Amino acid sequence: SSDLSASAALPSSVVVNTQQTEPHQRANATFVMLCRNTDLNGVVSSMQSVEDRFNRKYGYGWILLNDEEFTEEFIERVSVITKAPIQFGRVPPEMWVQPAWIDEERARKGRLSLVAQRVIYGGSVSYRNMCRFNSGFFYKHELLLPYRYYWRVEPDVQFFCDIEYDPFRFMQDEGKIYGWTISLLEWEATIPSLWTAVKEFITRNPQYLHEDNAMEFVSADGGATYNQCHFWSNFEIADMEFWRGEAYEAFFQYLEAKGGFYYERWGDAPVHSIAAALFAPRDKLHFFRDIGYRHEHFQHCPARAPLALTANANADAEEGEEDEHVPGAPVGKVSSHVGAGEPGVVGGA
Ligand code: GDP
Ligand code: MN
């Protein structure tokens, strides 16, 4: 199969379970999870959750990516979870490591500053590598290239409800570009100059700003400032043609040249969200209200999602440890939710 040949070209890739489950009108789509060998238990439980609630009936393949070689133990334990194909791939260094042109002294000062501000992952270079990879590279990874749609999964996530339809087919059939379940506010210290870069980019490339964009999702003042709203990117179902397209490519390259992935700690969530909100038509963004999902302290529960949506549905964040995601209106009048806890619990990815 093409899956096999794609992985064969990568010496460090392994593919198991090449027998697809029964034929189904699948979209050209895959699950993708970036993870480390040490994430094994979380990877197993996330995959089990996805398989139980959805994929055992649909048989979409999995792509697991790692910046290091997966261990045999990892591959063995993961391989028994599903009958769907699983490809294990290595992220090439040029998609991962801090580029040589980054001024390491400046980057180091940026890290120290975030550590001093007690920003989560503030001092981590690998976290920055991860955010940059998820922003501008994963969809160019050799194993992803044959696919159009992906569903991003992370270790230790949970899906609560049976998913009785195929979200990939929904994306395809409706021509959707980006789908999310939870939106949050970013910690501003991680992206102090991001919005300035976004505005510069738009000034230079006004043609990419979609005429029917969702600017009011990301800005409360018509674009003057960023409101820190973002789709929480640990769950994403999206169309990689958008990331691979001209507008996003130019946007990513513009941001990349600023060095903010390393000098600051730009997350892939605000980067993806700003691009989806500004360069795609708003009706192509989809809130998966029917997918029950949890990651860390935040969850989205369909049963609790009000049907009548208002712009300020998020106004009353609930108290307590468990944050119920309060959805907002379909994009544009969206859906932001600030956790009741420390802002620092909100990661960039
Ligand atoms: P958070 O959700 O923002 O707290 O960040 P996570 O620690 O969950 O990382 C986001 C995703 O990137 C998860 O899928 C992690 O498994 C993955 N990830 C983070 N850092 C690394 C890394 O250094 N190497 C690899 N291979 N994966 C990583
Ligand atoms: Mn995570």
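Computed values, structure above
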{"read-out": "Lysines with Cα under 23 Å of Lys83, excluding same-chain neighbours fewer than 8 positions away", "value": "Lys57"}
{"read-out": "Cβ-placed point charges (K, R +1; D, E -1), dipole of the range 65-197 about Cα centre in debye, nearest 20", "value": "460"}
{"read-out": "Residue exposure sequence - Cys301, Cys131, Cys161 - by fewest surrounding Cβ within 10 Å", "value": "Cys161, Cys301, Cys131"}
{"read-out": "Cut-off under 5 Å, modelled amide H: who pairs with Glu186 long-range", "value": "Cys229, His230"}
{"read-out": "Loop sites in the range 44-131: GluC sites (Glu not before Pro), DSSP, at most 15 other Cβ within 10 Å", "value": "Glu68, Glu69"}
{"read-out": "Gap separating the Cα centres of the range 223-282 and the range 43-114, nearest whole Å", "value": "20"}
{"read-out": "Distance between the range 164-191 and the range 284-300 - C-alpha centres, whole angstrom", "value": "8"}
{"read-out": "Virtual spin-label span in nm between Thr196 and Thr225, 7 Å along Cα→Cβ", "value": "1.5"}
{"read-out": "Cβ crowding within 10 Å averaged over residues, with 143-149, 210-216 ranked highest first", "value": "143-149, 210-216"}
{"read-out": "Local net charge near Ser273, Cβ-Cβ under 11 Å (Lys/Arg +1, Asp/Glu -1)", "value": "-3"}
{"read-out": "Gain in span if fully extended, Ala250 to Cys161, counting 0.36 nm per residue against the direct Cα distance", "value": "28.2 nm"}
{"read-out": "Straight-distance crosslink candidates among lysines, where the alpha carbon sits under 23 Å from Lys284 and sequence neighbours closer than 8 are dropped", "value": "Lys140, Lys176, Lys199, Lys333"}
{"read-out": "Prolate/oblate/rounded label for the range 204-282 (Cα gyration tensor, a/c 1.5)", "value": "rounded"}
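Read-outs throughout are calculated quantities, based only on the coordinates presented, and are distinct from any laboratory measurement. Predicted, not measured: the structure shown is a model, and the values here were computed from it. Backbone-built Cβ (ideal geometry, glycine too); neighbour counts: all protein chains shown.
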